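Notes for the one structure printed next.
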Amino acid sequence: MSNAAAAGSPGAAPAKRETFSSRKLFILSAIGSAVGLGNIWRFPYIAYDNGGGAFLIPYLVALLTAGIPLLFLDYAVGHKFRGSAPLAYRRLHRVAEPLGWWQVLICFVIATYYAVIIAWSLMYTIFSFTEAWGDDAEGYFFGSFLKVAEAPGIGFNYVPSVFFPLLLIWIAVIIIMVAGIRKGISRANSILLPLLVVMFVLLVVQSLFLPGAAEGLNAFFTPDWSALADPSVWAAAYGHIFFSLSVGYGIMVTYSSYLKRRTDLTGSGMVVAFANSGFEILAGIGVFAALGFMAQAAGAGVNDVVTQGIGLAFVAFPTIVSQAPFGALMGVLFFGSLVFAGVTSLISVLEVIVAAVQDKLGWGRIKASLVVSVLVGAVSLALFPTATGLYLLDTSDAFVNSFGITLGALVTVVVLAWFLRKLPLLSAHLNGISTIKMRRTWMVLVAGVVPLALIYMVSNEFISKISTTYEGYPEWFVGLFGWGMAGGLVVLALVLTFIPWSRTSKAHLDPEYQSIMDEEEAETAR
Amino acid sequence: MTPIAITMMIIAILTVWGGLALALLNLQRHPEDEGALPEEHAPEL
């Protein structure tokens, strides 16, 4: 790709849009994006906590009635309007442009802290050999490793053992981003994703042979049927599916804009969705087998050791690594999986921003990806590898999920389905080129079930976050980095919309897109 | 493992991985339209 040649030289023919060279590479990249840290450290706990084996029912219902329809919506917007999120929504309707910028800004926030967790995982891959945590994994992680400050705040007490691995991650990611869709993103995914699957399968096999594994699996799979009558279990299923599939914040819009014109969108989407779920089930088996071992070694019940997120990855797993036979191998497989799953997701989040900048300013690939990745990397390196970084990470994550991704998805769906009434157009696009046709069912799900589920989630989050200050952190801190940040994204999205598109931007100068539109018009007229 | 846990595990694996297998099969039966970029896109007759 030599797109950069056209950058910044007005009058030159605009660069052609990059494409995935095959459907397979698109699917691999989309799976790489969807399979992230959440699949490994979130799903097992959510399933366990919401009915165990019985959770399969709400989970599959949420997948089929909300996750997959929303995935198709993203695909349809990105593929039909062939642009980054702001450009695609602008082409859909001018008033929809801020939705795209909102999604871009959400990705900005996520990318800054997501990379930090990958950096921790990288260090812990090495620690698996040295067992640096000794016999106190928790004290080590929060104390010696992160050097977490007593109280939340913003400080510049940098922690070198986090700063340097984070720098390394950013350098690797910048190289991937600059190399572009084919040589960077496709290639990274086609190497890292298979590697991730192989490593994770090995981890699961190793876990299954540990004493106590069966007890862990009993805890994970034994169904509690009464959970099905509990609305919060259903909400948990819908909530998890939304976050797990990476829908509603521009990633799938951006990736599908790089697909060739005649691509089976829904057929590919089904593979992506079920591969993502398949990986989650695998993670549930692996994690609970390991937790079963940990419980047995501690002479406790599985319910005493079960945990999720940071606690699972950086406290429970190190403990397991210390106790299990061939623990170092297990640690490398687990933390290495986190690194690979994280990197393939991080690049998809960054691509949303890179694509938007490319489109808005008419920049070439290299310039846009360098400027964006270096800027996001610099913010990430400035704010997070500090003694107070964990508080900031926790708060940004909680608020960007609730009032960025979830609220953003709700507004997007309502605007598209109810105000602009674009679903018939998008449905026609999906059905025109795809093998699995959903027609009216899809529209009913996107216009009905999806917004209802999202309204329930957003209002739940709103009530819980307004009734008590998040995590008991100081009010100014949550006000600024939680509520302030989430509100700031909306304001900034509007500001970015009002900044005019450059004369050389894709909004004004995109003969490739124009020719597609002309062709489609001719086809409709025939 | 208890029989009920084994049963649920098998059902979960069959539905999710079975779904993946079906999705892959569907894709395989509809091979990709190679290189259909705009300029190569022939109007269907």
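The values are calculated or read from the model by the stated rules, or taken from the named source; none is laboratory data. Model, not experiment: these values are computed from the prediction. Don't worry about glycine lacking a Cβ; one is built from the backbone with ideal geometry, like all the others, and counts go over all protein chains shown.
Points to keep in mind about this one:
- Some residue of the range A:120-138 being part of a loop (DSSP other than H, G, I, E, B), small (Gly, Ala, Ser) and on the phi < 0 side of the Ramachandran plot: yes
- Flag if A:Ile191 is crowded, with 19+ Cβ neighbours inside 10 Å and more than 14 Å from A:Val35 (Cα to Cα): no
- Within the range A:29-58, the residues that satisfy the criterion of being more than 18 Å from B:Met9 (Cα to Cα) and under 13 Å from the mean Cα position of the chain (by Cα) are A:Ser29, A:Ala30, A:Ile31, A:Gly32, A:Ser33, A:Ala34, A:Val35, A:Gly36, A:Leu37, A:Gly38, A:Arg42.
- Residues of the range A:490-526 that are within 14 Å of another protein chain (Cβ to nearest Cβ), touching a residue at least 12 places away in the same chain (Cβ under 8 Å) and of a type outside the set (A, V, I, L, M): A:Asp510, A:Pro511, A:Glu512, A:Tyr513.
- Qualifying residue in the range A:95-108 (condition: in a helix (DSSP H, G or I), more than 22 Å from A:Phe243 (Cα to Cα) and free of Cβ contacts under 8 Å to residues at least 24 places away in the same chain): no
- The sole residue among A:Gly389, A:Gly432 that is within 14 Å of chain B (Cβ to nearest Cβ) and more than 23 Å from A:Asn189 (Cβ to Cβ) is A:Gly432.
- Residue among A:Ala328, A:Ala313, A:Ala341 that is touching a Gly at 6+ places or on another chain (Cβ under 7 Å), in a helix (DSSP H, G or I), in contact (Cβ under 8 Å) with a residue 60 or more places away in the chain and not basic (Lys, Arg): A:Ala341
- Of the criteria (1) surrounded by 22 or more Cβ atoms within 10 Å (Cβ to Cβ); (2) out of contact with any Asp or Glu (no Cβ under 6 Å at 6 or more places or on another chain); (3) assigned to a helix (DSSP H, G or I), which one A:Trp363 fails: (3)
- Identity of the residue in the range A:215-235, farther than 16 Å from A:Ile320 by Cβ and facing chain B (nearest Cβ under 10 Å), that ends up surrounded by the most Cβ atoms within 10 Å (Cβ to Cβ): A:Phe221
- Only residues that are in contact (Cβ under 8 Å) with a residue 24 or more places away in the chain and over 24 Å from A:Gly389 (Cα atoms) were counted in the range A:462-489, giving 1.
- Selection count where residues are free of Cβ contacts under 8 Å to residues at least 40 places away in the same chain and within 10 Å of another protein chain (Cβ to nearest Cβ), scope the range A:256-304: 3
- Test: residue in the range A:221-231 that is modelled with pLDDT under 95 and in a helix (DSSP H, G or I): yes
- In summary, A:Leu265 fulfils each of the numbered conditions (1) modelled with pLDDT of 95 or more; (2) buried (at least 22 other Cβ atoms within 10 Å of the Cβ) with the single exception of condition (1).
- Residue check for A:Thr388: among the polar types (S, T, N, Q) and over 18 Å from the mean Cα position of the chain (by Cα): yes
- Residue count, the range B:12-32 (criterion: more than 7 Å from chain A (Cβ to nearest Cβ) and assigned to a helix (DSSP H, G or I)): 7
- Qualifying residue in the range A:495-515 (condition: modelled with pLDDT of 95 or more, aliphatic (A, V, I, L, M) and surrounded by fewer than 17 Cβ atoms within 10 Å (Cβ to Cβ)): yes
- Considering the range A:268-310, and only residues there that are β-branched (Val, Ile, Thr) and in a helix (DSSP H, G or I), the residue that is farthest from A:Leu146 (Cα to Cα) turns out to be A:Val271.
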